1. Over all alpha-carbon pairs of the chain, lay out the pair-distance distribution in 5 Å bins, whole %, shortest bin first.
2. Lys64: which aspartates and glutamates have alpha carbons under 12 Å from its alpha carbon, excluding same-chain residues fewer than 8 sequence positions away?
3. Please give, to one decimal in nm, the separation of the simple spin-label points placed at Ala71 and Ser22, each 7 Å out from Cα toward the Cβ.
4. What is the magnitude of the charge dipole of the chain about its Cα centre, with +1 placed on the Cβ of each Lys and Arg, -1 on the Cβ of each Asp and Glu, and no other charges, expressed in debye to the nearest 20?
5. Show me 10-16, 22-28, 46-52, 59-65 ranked by packing, highest mean number of other Cβ atoms within 10 Å first.
Amino acid sequence: MNTSKLDRLVKMINQISLNMASNGSEGEVAILVASHLEKFWSPPMITTLCAEADELMLAPISAKAVAHLRAPQTR
């Protein structure tokens, strides 16, 4: 993926995390962020973010949200 597009994904998830940060503990907010991404982002956006996340400058909540998205779904 184009670096500028990836940078935009990082900026967006970090902004979402920051905006939701006051809604609970870091773990709870990470789940909220992951849920938001599942609802409003396209599957290719999520796939790209998850594939590249280890190399990115993600906020702690964002990194936990990505880990939640990567985990096998038990819901």
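1. That works out to 3, 18, 32, 26, 15, 5, 1, in percent per bin.
2. The reachable aspartates and glutamates, counting only those whose Cα sits under 12 Å from Lys64, are Glu26, Glu28, Asp54.
3. Spacing of the two 7 Å Cα→Cβ label points: 2.7 nm.
4. In debye, rounded to 20, the chain gives about 200.
5. 59-65, 10-16, 46-52, 22-28
Values in this text are rule-based calculations from the coordinates and carry no lab data. Predicted model only: the values in this text are computed from it and were never measured. Because the Cβ atoms are built from the backbone with ideal geometry, glycine has one as well, and the counts that use them run over all protein chains shown.
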